[in-house]
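Shown next, in structure tokens, is the structure this report addresses.
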Amino acid sequence: MNAVPNSPVGRAPLMSLDHAMADLLGRVEALTSIETVATFDADGRVLAQDLVSALQVPPHDNSSMDGYAVRAADVTEPGQVLRVSQRIAAGHASAPLEPGTCARIFTGAPMPAGADAVVMQEDTVEVGGDIHAVHIHAVPEAGQWVRRAGEDVTRGAVVLARGERLSPTSLGLAASLGLAQLSVLARPRVALFSTGDELVMPGEVPPEAMKPGAIYNSNRFFLRALLRRMGCEVSDLGIVPDQRGATLAALKTAADHHDLILTSGGVSVGEEDHIKPSVQQLGSLDLWQIGMKPGKPFAYGTVRRDAGAGAAATQACHFIGLPGNPVSSFVTFLLLVRPFLLRLQGVPANRIHALPPATTLPAHFTVARADKRREFLRVRRNAAGGLDLFPNQSSGVLTSVVWGDGLVDNPAGTTIAHGDPVSYISFAELLA
């Protein structure tokens, strides 16, 4: 890679992505409402309190193999024959192991007192077809194929911390502790709407009947899906007409009943739109120019709640305005709105990052012209272990994020030559 200096053009400096995220997270406090949900239904939710184990897992020493439980001291050389004194299945009690004998045992079954090793059945042969005695063909070591009591979880340990976002595996861990219900923080309530007389909903007008300048509203579909993946309760308020009164009414209604209002379009500098003056009239609005491509325009503000809005009457509802171009809206959501929602749900700020750890992979493409902004290039891994670049990196080309499986994080002012190592972040990580 080769870095070239930025060329100032007399404009205010762009805000860095890291600065923007820190500023954004500094303006949000976690929701405090707590609810109890079934462990089955808690995937993606954020824990409201530490989970402390009331038991140890496993509860007793048990076998990790099908085979024979033995005293290691009783098997000093291969070929020894031991009498089978008992049969132990998972979920059944065992008797103490008599010296000089073995116990037929199955995976997960409790180890009998006195036994300290398991010989897997592949290393044994029944004596003359008699299941009451076996040849032991491998000399075991003490502790072999034995899962010790408490080796996974000890009693009194904090196994999942408050503020942790639950995953399928953490639900399994909670279930292993006997927890059928979990205390989690409330879901963020998000109002989503679009503005613009040019927008048309799919299904309302067939393609051949579209008026000049009209476009189908694609942003609303992926933003709604992304919000739901983030565990939000989404109210889709539709397309708001390009009228000041309609915009004010939509904002007021949304603010009274939601934690966040999310829109796309109408946040570029100098753009004619009713969103900016309406948010300013009802609260406050900051317009940011972020040094990232795609996604430079970004707006954050608050909308006051009416006095009759209940317990939250004195608070304000957050407002975020995303760029209108679909790829800009998508990428900006992943890098800024996603961290914002994690913080709103109660994930501690020190656990939140705009980007997950990157993987270094070779670029199987070139970028000969450096951009003054930090670029997020749509790429796809190839069979040769490198990355291919989507040929059209325009912020309006939604096919680039459908074709791609991740982004290259390319620093501002940097060109890329074929074979250069680049920082790759998969969409799977950003959408987890």
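The values are calculated or read from the model by the stated rules, or taken from the named source; none is laboratory data. Owing to the predicted nature of the structure, the values given are computational and were not obtained by experimental measurement. As a convention, Cβ positions derive from the backbone with ideal geometry for all residues, glycine included, and neighbour counts pool all protein chains shown. Note: accessible area is taken over every heavy atom of the protein model, side chains too, but ligands, DNA and RNA are not part of it. Shrake-Rupley method; radii C 1.70, N 1.55, O 1.52, S 1.80 Å.
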Rotationally averaged projected area of the range 66-193 (alpha carbon convex hull; nm²) = 11.9 nm²
Would you list which lysines come within 24 Å of LYS276, measuring only between C-alpha atoms, while excluding same-chain residues fewer than 8 positions from it?
-> LYS252, LYS293, LYS296
Given ALA358, LEU430, LEU335, which one lies farthest toward the positive end of the charge dipole of the range 302-432, if we put +1 on the Cβ of every Lys and Arg and -1 on the Cβ of every Asp and Glu?
-> LEU335
GNM, the chain, Cα, under 10 Å: largest mean-square fluctuation among ALA149, ALA383, ALA48?
-> ALA383
Which of the aspartates and glutamates could a cross-linker bridge to LYS211, judged by Cα under 13 Å and excluding same-chain residues fewer than eight apart?
-> ASP197, GLU198
Estimated dipole of the range 14-167 in Debye, rounded to 20 [Cβ of Lys and Arg +1, of Asp and Glu -1, Cα centre] | 320 debye
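Antiparallel DSSP bridges in the chain: what percent, to the nearest 5? Please list the in-between numbers first.
On the way: 59 of 87 bridges.
Antiparallel: roughly 70 percent of the beta bridges in the chain.
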So who's got an amide H within less than 5 Å of the one on ALA133, skipping anything under 5 residues away but keeping other chains? H placed 1.01 Å off N, in plane.
-> VAL84, VAL127
Over the range 131-172, what number does the Rg to Rh ratio reach, with both radii from the alpha-carbon atoms and Rh per Kirkwood?
-> 1.27
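What is the sum of charges, Lys and Arg at +1 and Asp and Glu at -1, for the other residues whose Cβ falls under 9 Å from the Cβ of VAL408?
Cβ neighbours under 9 Å give a net charge of -1.
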What the 10 Å binned alpha carbon P(r) of the range 302-432 shows, as percent of pairs per bin from 0, is 11, 35, 29, 14, 7, 3, 0
So how strong a dipole does the chain carry about its Cα centre when Lys and Arg Cβ are +1 and Asp and Glu Cβ are -1, to the nearest 20 debye?
-> 1320 debye
Apportionment of accessible area to carbon and sulfur, the range 181-256, percent (1.4 Å) = 51 percent
Residue-averaged 222 nm ellipticity for the chain, from DSSP H runs of 4+ at -39500 (n - 2.57), nearest 500 | -4500 deg cm²/dmol
Taking the Cα centre of the range 276-432 as origin, sum charge times position over the Cβ atoms of Lys and Arg (+1) and Asp and Glu (-1), and report the length of that vector in debye to the nearest 20.
-> 300 debye
All-pairs alpha carbon distance profile, the chain, 10 Å steps from 0, percent | 4, 17, 20, 18, 14, 11, 9, 6, 2, 0
Would you mind giving the average projected area, over all directions, of the Cα convex hull of the range 39-131 in nm² with one decimal?
-> 8.9 nm²
J(HN,Hα) series, the range 341-356, from Karplus relation 6.51 cos²θ - 1.76 cosθ + 1.60, nearest Hz, glycine and proline x = 5, 4, 5, 4, 7, x, 5, x, 4, 6, 9, 9, 9, 4, 10, x
Over the range 380-432, calculate the relative contact order: mean separation of alpha carbon pairs under 8 Å at least 6 apart, over the residue count, as a percent.
-> 30 percent
Between the alpha-carbon centers of the range 11-42 and the range 317-385, tell me the distance in whole angstrom.
-> 15 Å
Judged on accessible area alone, 1.4 Å probe, highest first, HIS60, HIS19 line up as HIS19, HIS60
Considering only protein heavy atoms, with the full assembly of protein chains and a 1.4 angstrom probe, order LYS296, LYS211, LYS252 by accessible area, largest first.
-> LYS211, LYS252, LYS296
Cα-only radius of gyration and Dmax that characterise the range 1-156, units Å = 29.0, 93
Report the extension gain between ALA384 and ASP41 in nm, rounded to one decimal, defined as 0.36 nm multiplied by the number of residues separating them, less their alpha carbon distance.
-> 119.4 nm
Out of every Cα-Cα pair in the range 221-374, what percent are more than 21 Å apart?
-> 51 percent
